[in-house]
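See below for the structure under consideration.
The values are calculated or read from the model by the stated rules, or taken from the named source; none is laboratory data. The structure displayed is predicted, hence computed values, not measured ones. As a convention, Cβ positions derive from the backbone with ideal geometry for all residues, glycine included, and neighbour counts pool all protein chains shown.
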Amino acid sequence: MRQLWTMTASDLRQRVRDRSVIIFALVVPLALMFVFNLTLGGAADQSLDPVTVAVSAPADDTLAPILIASLTQVDGVDVTVDEVSADEARDRARSGTAELGVVIPEGFGDAVRQGEETVVAVTEGDGSGLESDILLTVMQGVLAQLSAGAVTAAAGAQSGVPAEDLGALAQQAATQAAGLNLTEGEAANEQLSIAGALVAGQAGLFLLFTVGFGVLGLIAEREQGTLARLRSMPMRPGLIVTAKGLVSFILGFVATGVLLTAGSIFFGVSFGSPVAVAVLIVCAVAAATSLMFIIARAARTAEQASALQTILALVLAISGGAFFPLTATGALDTVLGLNPIAAFTRGLGITSGGGGLGDIGVPVAIMLTFAVVGLAASRLVPDRGRDL
Amino acid sequence: MRAARAIAAVELRRFLRDRSNIFFVFLFPLLLVLVIGTQFGGGGGNGRVAISGTDSALNNAITASLEDDDVTVTRAGAEAVRQQVARGRTDVGLFISPAAATAYDAGDPVDLEVVPGTQQGTQATLQRVRTAVAGLSVERGQVAALVGAGIGDTQARAALADAAAASTPPELTVVDVDSITQEFAGLGQFDLGAAAELLLFVFLTSLAGATTLIQTRRLGVMSRTLGSPVSTGQALAGHAFGRFTIALFQGAYIMLATAILFRVSWGNIWLSLLVLATFSAVAAGAAMLIGSLLDNDGAASGIGIGLGLVLGALGGCMLPLELFPDTLRTIAHVTPHAWAYDAFAQIQRHDGTLVDILPALGVLVAMAAVLLALGTWSLRRSMSRAL
Amino acid sequence: MLVARDLVRRYGDLTAVDGVSFHIDPGETFGLLGPNGAGKTTTISMAAGLIPADSGSVTVAGEPMGPGEVHVKRHIGLVPQDLAIYPELTARENLMFFGRLQGLRGQPLSRRIDEVLEIIALTDRAKDPTKEYSGGMKRRLNIAIGLLHEPTLLILDEPTVGVDPQSRNAILESVEALSVGGMAVLYTTHYMEEAERLCDRIAIIDSGRIQAEGTRSELITLTGGVDHIRLAGAGQSAATQAALRALPAVEQVAADGHTLTLTVRDAPTAVAGIVTTATGAGMTLSEVEITRPDLESVFLHLTGKALRD
């Protein structure tokens, strides 16, 4: 036990002296988080902004007011409607003083009623976003409704309904209440905010580099000859490998812990229950460390090892959504979900949404399975460095 | 010059001997272009809705209506749908209970539960679901109104079909004058990603090369080189030229491969190559500066990768520059990436000419010159330090 | 102290060590002499318990040695061929680290470290990271780590490779001193002079097999133990040759122009008589040269190739 600690402590001391671990484990990921957050900052706003719509409508049109009124009744979007002339509507959208410019043509109401062609022209202005999309969908719906009324009236006329009842018929068709009601439920939130995903993703990516400073040190020791000396020491040979694993583990845990903490302080992210987060970190570090054991066996030289490590780290990080969320469904989603980085991010999503220890079973199981399979695989990989 | 060429040739050979470089230089960038292109390029439709419920007329009608609206619809069990919504795998979950399906068939009022996700953009998809459901409502309203007026159900449906065929529904046309939408209009699915990845990787690979300069010093090869009639400037030029050739080669390869595999349009190929060449020179210069400033190759590779990623992110290689806030976009132009990005944008999207990209080229050349000069000075210092 | 029996170790198709047996007595310095790639390091790795033998056995102080034999390893001190020290750590930290792994601690460890630092003359530089040391300083520290816990068997794997002549001499002197102090030493080298100077007994190893083993003179007898004397000068004739051939120590005489090459037994004793005889038979000598066989010629004799690559 004493020897294990002697080796671990000595390794940690060396890794701190040789500054690369600090650069890789802390400086680079923090710098990346900072830059990413800066660039994504503008896009990260999730709430719907108030919208101004410049509308030009023909005077005395019977159906235009319905269309205009619908704009102001959209759930969740605060819409100001300015009635202006057609040219001004377009101009305001172009100049950015209105998000949308809507031009309802002369004779709109009559055209709709008679099923004749009529076009509502919308100009989508600079900086238009989600809110404009919502309003467009709403207008589309209203037009379909108005048209449905007209079609019903026409069908009624065709089927012999008296002309004076047709208006009521159209009205009834368009506003029939005995229809389909949507009640909006609330979903459990297991997602990280954009900033949260960024912090978690970078922490996950660089974890795969940080743990290399422990286990992959075996290769450096082999190259510099100290491994032979260690093996001549009066201790079990397994102790050397255990010490390296422990170094990986400690470095990984500390670095990830620091990154998540720093990330939550600087970028206002909350990852939820510290205990659950700590459990997730432990599992992620275990999974990442097991991967290093495979590399340590497969690589002949330190250069090969670091190349292999970088390849695996980037592939796992990208497929695990460390840079941008990957959306897949079905089998692909399942496969991607087995990635420890994806499981780590998913687990942090659950804890940030208020989940505790009991809720992170799936990601924890995925990461631990990965760790066990990785360790087993590392025993099966042919030992290219001989006698490790 | 002959000395510089000889050094460059050796550096190239060393680079190609290392098999892991094949992955980083040739496979990885293409993989990323593919992933980013399929994830973000081409709009990706109008959102994703996951529907839970048995196969029913209601289910089919809603699915058809949403798909007409270019919404991607998937089906799964109720629990799975809730999971998907919670994890952001879908924008909106729609739950059709057996009771709702029966009520719909019977013409009774139908209650449906809809659950929007919490991520960005779900409200727009939610509105699409609302509109689709309202559309179904209206269809039923039409029939009900006619039946109410004393017309038989079958006859009412037939009359509605006739009337619908005879009328032209009002149309909504949208002219998008948003500058970002306009900027990206006409851009192929992979075009944006390809240019960004090109810049990111050319720079990253070059900076990683800083370590070879350190190794050369440590192994004593540099002392040997300088012991022969070769000046520090020539030696550095040789190394820089080696990195430059590698960068140019990788960049040209990415251009060619993406053009063939993903049909990426690089505009005027000569101008694009010119941008690539000046950018490669900056990358080589930066590698030389790092390689001569630092003595520890582990730290240098850390700084190289870190700097490569950070500058890439800041220079618009991960999120398009056009989406940056204005001040940040200005700041971004401290990076060579941003200038090269602008130049590529000119060439790819606006058929820019040499005159259009001249300012960007000028800045890149100036950056390269400054970095190479600093690198030579610093290498001279580090050599005298070592001796 | 150490007994190796029929050691075999294979790497894939290559049999690096193929049936090696030898023993080292307490206080004895035993040399493994052979060219690079002969199997010296693999043999040593098995002797030090770094790797298991595919077959055969090693016992140290009467107990079987192997990778898992923790307590047996306390007897040995290994000085690997590479500079097995941590460049980021200081000399003292390196010694402290390996000392702890050997089970030393506290005051005794500190005292021993001071002692060792004094012996290798690194006391002044003990607090500098070893990456700033010269090659010779690193070599000295490398050996000191192997001696720190006062092992009864010191295993040195080519400790003088790439060392300047001065440091090399210092290393050889310290090994001589150690064996005087009663420590058994297993020493591998491909330098014949080192083996001749240091070792009580020498095993010549090539292609994974021990070709011959014994004291220096025992080995030399293997070549037939004959010396050569070369006589150069004017006036040699058939009569001279006949007179020389008549001497009991002389086995053979070959003439080449002005030079006679004699194959003799025990040249130092015979040379006086030979010179007298040759001069007496009319030869005016300008040059007399004695050549005696060394380990180089033993190696050549045994393997048909030169020791150095």
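Structure values in brief
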item: Residues located in region C:1-12, provided they are within 14 Å of chain A (Cβ to nearest Cβ) and out of contact with any Asp or Glu (no Cβ under 7 Å at 6 or more places or on another chain); result: C:Leu2, C:Tyr11, C:Gly12
item: Among the residues listed as A:Ile318, A:Ile311, A:Ile265, the single one being assigned by TED's automatic domain parsing to the domain that holds A:Gly337, at pLDDT 85 or above and not aromatic (Phe, Trp, Tyr); result: A:Ile265
item: Any hit, region B:95-112, residues being on the phi > 0 side of the Ramachandran plot, in contact with a helix residue (DSSP H, G or I) (Cβ under 8 Å, 6 or more places away or on another chain) and in contact (Cβ under 8 Å) with a residue 60 or more places away in the chain; result: no
item: Residue check for B:Ala257: at pLDDT 80 or above, surrounded by fewer than 24 Cβ atoms within 10 Å (Cβ to Cβ), small (Gly, Ala, Ser) and touching a Pro at 6+ places or on another chain (Cβ under 9 Å); result: yes
item: Test: residue in region B:57-71 that is at the interface with chain A (Cβ under 7 Å from one of its Cβ atoms) and part of a helix (DSSP H, G or I); result: no
item: Positions within region B:334-387 being more than 19 Å from B:Leu198 (Cα to Cα) and among the polar types (S, T, N, Q), in sequence order; result: B:Thr353, B:Thr376, B:Ser378, B:Ser382, B:Ser384
item: Residue count for region A:103-118, restricted to those that are closer than 14 Å to A:Val55 by Cα and either more than 9 Å from chain B (Cβ to nearest Cβ) or without any contact (Cβ under 8 Å) to a residue 24 or more places away in the chain (or both); result: 4
item: Members of region B:98-124 that are more than 8 Å from every other protein chain (Cβ to nearest Cβ) and closer than 29 Å to A:Ile360 by Cα; result: B:Thr122
item: Number of the condition not met by A:Arg300 [criteria: (1) part of a loop (DSSP other than H, G, I, E, B); (2) more than 30 Å from B:Thr212 (Cα to Cα)]; result: (2)
item: Among the candidates B:Ile22, B:Ile36, residue that is assigned by TED's automatic domain parsing to the domain that holds B:Gly233, within 20 Å of B:Gln119 (Cβ to Cβ) and at pLDDT below 80; result: B:Ile36
item: Of all residues making up region C:276-309, the number that are part of a helix (DSSP H, G or I) and free of Cβ contacts under 8 Å to residues at least 24 places away in the same chain; result: 3
item: Output for region B:128-150, where each listed residue is at the interface with chain A (Cβ under 7 Å from one of its Cβ atoms), in contact with an Asp or Glu (Cβ under 8 Å, 6 or more places away or on another chain) and either on the phi > 0 side of the Ramachandran plot or aliphatic (A, V, I, L, M) (or both); result: B:Ala149
item: All positions within region C:74-104 that are over 17 Å from C:Thr42 (Cα atoms), without any contact (Cβ under 8 Å) to a residue 40 or more places away in the chain and either among the charged types (D, E, K, R) or within 8 Å of chain A (Cβ to nearest Cβ) (or both); result: C:Arg92, C:Glu93, C:Phe97, C:Arg100, C:Leu101
item: Which listed residue, of C:Gly304, C:Gly273, C:Gly233, is under 30 Å from C:Thr188 (Cα atoms), of a type in the set (Gly, Ala, Ser) and not assigned by TED's automatic domain parsing to the domain that holds C:Met192; result: C:Gly304
item: Qualifying residue in region A:162-173 (condition: away from chain C (no Cβ under 14 Å), out of contact with any Leu (no Cβ under 9 Å at 6 or more places or on another chain) and outside any helix (DSSP H, G or I)); result: yes
item: Scope region B:306-331; condition more than 7 Å from chain A (Cβ to nearest Cβ), part of a helix (DSSP H, G or I) and under 18 Å from B:Leu207 (Cβ atoms); matching residues; result: B:Leu307, B:Gly308, B:Leu311, B:Gly312
item: Residue check for A:Arg92: within 14 Å of chain B (Cβ to nearest Cβ) and either of a type in the set (Val, Ile, Thr) or touching a residue at least 12 places away in the same chain (Cβ under 8 Å) (or both); result: yes
